[in-house]
1. Picking from Ala226, Ala255, Ala250, which residue would you name as being among the hydrophobic types (A, V, I, L, M, F, W, C), at negative phi and touching a residue at least 60 places away in the same chain (Cβ under 8 Å)?
2. Is it the case that some residue within segment 175-183 is in a helix (DSSP H, G or I), under 25 Å from Val281 (Cβ atoms) and among the hydrophobic types (A, V, I, L, M, F, W, C)?
3. Restricting to segment 264-281, name every residue that is within 13 Å of Thr245 (Cα to Cα) and part of a strand (DSSP E or B).
4. Given the residues Ala60, Ala91, Ala77, Ala111, which is the only one that is of a type outside the set (Val, Ile, Thr), within 24 Å of His26 (Cα to Cα) and under 22 Å from the mean Cα position of the chain (by Cα)?
5. For segment 85-127, which positions are surrounded by fewer than 22 Cβ atoms within 10 Å (Cβ to Cβ) and basic (Lys, Arg)?
6. Just for segment 58-99: of the residues that are in contact with a Phe, Trp or Tyr (Cβ under 8 Å, 6 or more places away or on another chain) and either of a type in the set (S, T, N, Q) or modelled with pLDDT of 85 or more (or both), which one is farthest from Ile215 (Cα to Cα)?
7. Go over the candidates Ala94, Ala77 one by one and state the one that is farther than 14 Å from Glu58 by Cα and touching a strand residue (DSSP E or B) at 6+ places or on another chain (Cβ under 6 Å).
8. Among the residues of segment 40-70, how many are of a type in the set (D, E, K, R) and touching a His at 6+ places or on another chain (Cβ under 9 Å)?
Amino acid sequence: MARILITGGAGFVGSHLARACLEAGHQVHLIVRPGSDDSRIQDLRVGVIRHNFDLQSETALKHCLSDAEPECIFHLAARPRRPEAPDFSDARDAMREQVQVLVGLLSAAAAAPRPPRAMIRTGSLAEYGSAQAPFQEETREMPVNAYGAELVAATHLVGALQRRLPFPVITARLALVYGSWQSTAYLLPWLVTRCLAGETSMVRHPEDRRDLIYIDDAVGGLLRVAAAQLPGGTVINIGTGFAPTMRDVARLIIAETGADPTRVEYGPADGSSGIPDFRAVTALARNLLGWSASTPLAEGLVRTVAWYREHLRLQEPQNQLAGTSRRERTGAP
């Protein structure tokens, strides 16, 4: 049994990783920012040790590391959805929440009475941006937004600081992860729920290609990274290497949900989000980890749609009760 610490423990990937670590018999500590939606980890109250504080608090972080004494840290905390502001405050917030927090975590872990044996931090294929696809780990990054740029900055900072750290830090650049419990702020779960509800949807960039990895495969890849004892500063892609168009993904979702195809509209075929081909080369993961994604997209979508269908069904009685209470209070029709 190992002691595992996960930052961003209430998030989509973090909550699934926590479950996998518990199932493997590890002692799991989660850092959860106050005010976070913790619905994904409600059923883990007994199994995990929860630490409620903001990672920007150096004092709280030092106390947590001293108490938990983690052998492995998974640094997953991130905020990818940040609206652009005219005064560039979004970029300032990004550097504080991504880079400064990372430096604080590295500093606290290095100074801990028992430093971890390894830290795995999640990056994203978004770091490669508009570079030529498919993306290899040595590809020069060309991020197209602040989120991609802040991740690149953090990745290179880790590489520069590695010689000063008593433990290796590995960066796992994830493809677009999907599956149960993902926020509907993201296209795939949004489209699934809209199709299940029979609502009209728009796929704005239908010819953009996206490397989509099922959550179980992403978690499996992260666990392999942690077990592999890779050199510090290693960057490794965790993806499928396959990138269907979003039009093809939408058609699979329509078929699985039984939605009316005419309810899904598409943007112009020549339009792009800025990254027309978002796809990883995964040879390094196969060679170093003996790992590759094993869930075909069609199978992953079947599981995902089934989860959202059941989740929405379970929510219906609550929504009806809330509606009844509202009518009682306001007389609304």
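The values are calculated or read from the model by the stated rules, or taken from the named source; none is laboratory data. All figures in this text were calculated on a predicted structure; none of them were measured in a lab. Here the Cβ positions follow ideal geometry from the backbone for every residue, glycine too, while neighbour counts run over all protein chains shown.
1. Ala226
2. no
3. Passing the criteria: Tyr266, Asp277, Phe278.
4. Answer to the selection: Ala77.
5. Residues satisfying the conditions are Arg92, Arg96, Arg114, Arg117.
6. This residue is Ala60.
7. That would be Ala77, the only listed residue that is farther than 14 Å from Glu58 by Cα and touching a strand residue (DSSP E or B) at 6+ places or on another chain (Cβ under 6 Å).
8. 3
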